[in-house]
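This report concerns only the one structure given below.
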Amino acid sequence: MTLNRRWIVALGFTALLGASAVQAEELDRANVPFAFNVAGKQQEAGSYSAQRQSNVLIVRNNASRNEVMVVPIPAKVDYKAASSMTFERYGSQYFLRKVAFNTGYVYELARTKHEKELARAEHPEVILVAMR
């Protein structure tokens, strides 16, 4: 590889890294009417928002300002998807499963060990909470 080509490749990578570092997606608020679990952390019912910064998804309680940070799994690109949070319910327990941004990006959250155990015993009910 020539020196000029190396510089071009290096500049390209730098531009990509810089763009992803400042890239953030913000969701509008969602009123979640039930307590739920995010990455093993119990959250109370209330108003929530989600924001993706680089490779981290931040789920924030708008009243208390408590945040949970998780590394999501990029699920798919669905340009018809509306901003929403998708939950799975096992009995009386709710787990945040997906977050969809109005830009079309949908992110899944990994199941905890406890949720995997519940999933073996029963199929979850899927609940979609739209964002305003």
Built amide H within the under 5 Å cut-off of Asn66, gap 5+
Asn61
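What per residue convex hull volume, in Å³, comes out for the stretch 24-130 when only alpha-carbon positions are used? Before the final figure, lay out each step's value.
Numbers: hull volume 9.9 nm³, N = 107.
Here the figure is 93 Å³ per residue.
Just so you know, all these numbers are worked out from the coordinates, no wet-lab data involved. These figures come from a predicted structure and were not determined experimentally.
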